[in-house]
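J.: Provided herewith is a single structure, encoded as structure tokens, for subsequent inquiry.
Please treat every number below as a calculation from the coordinates, not as lab data. Everything numeric in this text was worked out from a predicted model, so none of it was measured. Note that we place each Cβ from the backbone using ideal geometry, even for glycine, and neighbour counts take in every protein chain shown.
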Amino acid sequence: MLKNIVIFGPPGAGKGTQAAKLIELLKVPHISTGDMFRYHIKNNTDLGKTAKEYSNAGKLVPDSVTIAMVKERLANPDVKGGFLLDGFPRSVPQAEALENILIEVGARCNAPLQIDCVVNIAVSDDEIRQRLAKRATIEGRADDADPKVIQNRIDTYKNQSEPCLAYYRKKNIVRDVDGLGSIDDVFGRIKKIFA
Ligand code: AMP
């Protein structure tokens, strides 16, 4: 059974929207690093102050901060029955760190843990630009508003996150899903993976 899942894709691919539907289907906790950072930014915590600087520039928050935050979250016993990671890992070092975290968490509950499936939502660069510009108007997300920031986020995805996808492809656990079409069209494709 596929229970420990990563939802992957470029910024604007619809990861958050699809993740919200997928956790309903699979009944597992949704662990979104982007949401966790936004929560900290909103509450002006020390972590939020650091995260804001990077996310407003379209850059990744440093691994020291991000990995520690994910490690703490995965120590929560609610992940035992499975989980959906959204926005993490986003680089090869993060994927490697995740593997070690899961080994540690698994050792504590005597059950080896690993990522079972990476759902990759595929969307073209042009489509990403259009979607991010639209999201900036609708949601007012600071990191979607500026074309330079949008380009940074796309570049970060290409330079750091695509190698992470390649890392998982070598493990044969990536399931590609066409991200074009309505929310329900895309979710229909994702659902088939878990049928
Ligand atoms: P998202 O909503 O997933 O696009 O995340 C929004 C922003 O939070 C990103 O542009 C990054 O600045 C930061 N962020 C989210 N996840 C990570 C991660 N895994 N590593 C580093 N930064 C992240």
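J.: Specify whether the C-alpha gyration tensor of the stretch 114-191 places it in the rounded, prolate or oblate class, a ≥ b ≥ c being the square roots of the eigenvalues: rounded for a/c under 1.5, otherwise prolate if a/b is larger than b/c and oblate if not.
T.: oblate
J.: Still on this model: For a quick protection proxy, order the peptides 124-132, 160-168 by their average other-Cβ count within 10 Å, most packed first.
T.: Result, highest mean first: 160-168, 124-132.
J.: Now for a different question. Taking the Cβ of Ser91 as the center, what net charge do the other residues with Cβ under 14 Å away carry, scoring Lys and Arg +1 and Asp and Glu -1?
T.: -1
J.: Quickly rank 7-16, 24-33 as a protection proxy: mean count of other C-beta atoms within 10 Å, highest first.
T.: Top to bottom by mean Cβ count within 10 Å: 7-16, 24-33.
J.: With the cut-off at 1.5 for a/c, could you classify the chain from its C-alpha gyration tensor as rounded, prolate or oblate?
T.: In terms of gyration-tensor shape, oblate.
J.: Using only Cα atoms, locate the centre of the stretch 23-96 and the centre of the stretch 115-184, then give the distance between them in Å, rounded to an integer.
T.: 16
J.: Excluding Arg73 itself, calculate the net charge of residues whose Cβ lies under 14 Å from the Cβ of Arg73, where each Lys or Arg counts +1 and each Asp or Glu counts -1.
T.: Local net charge: -3.
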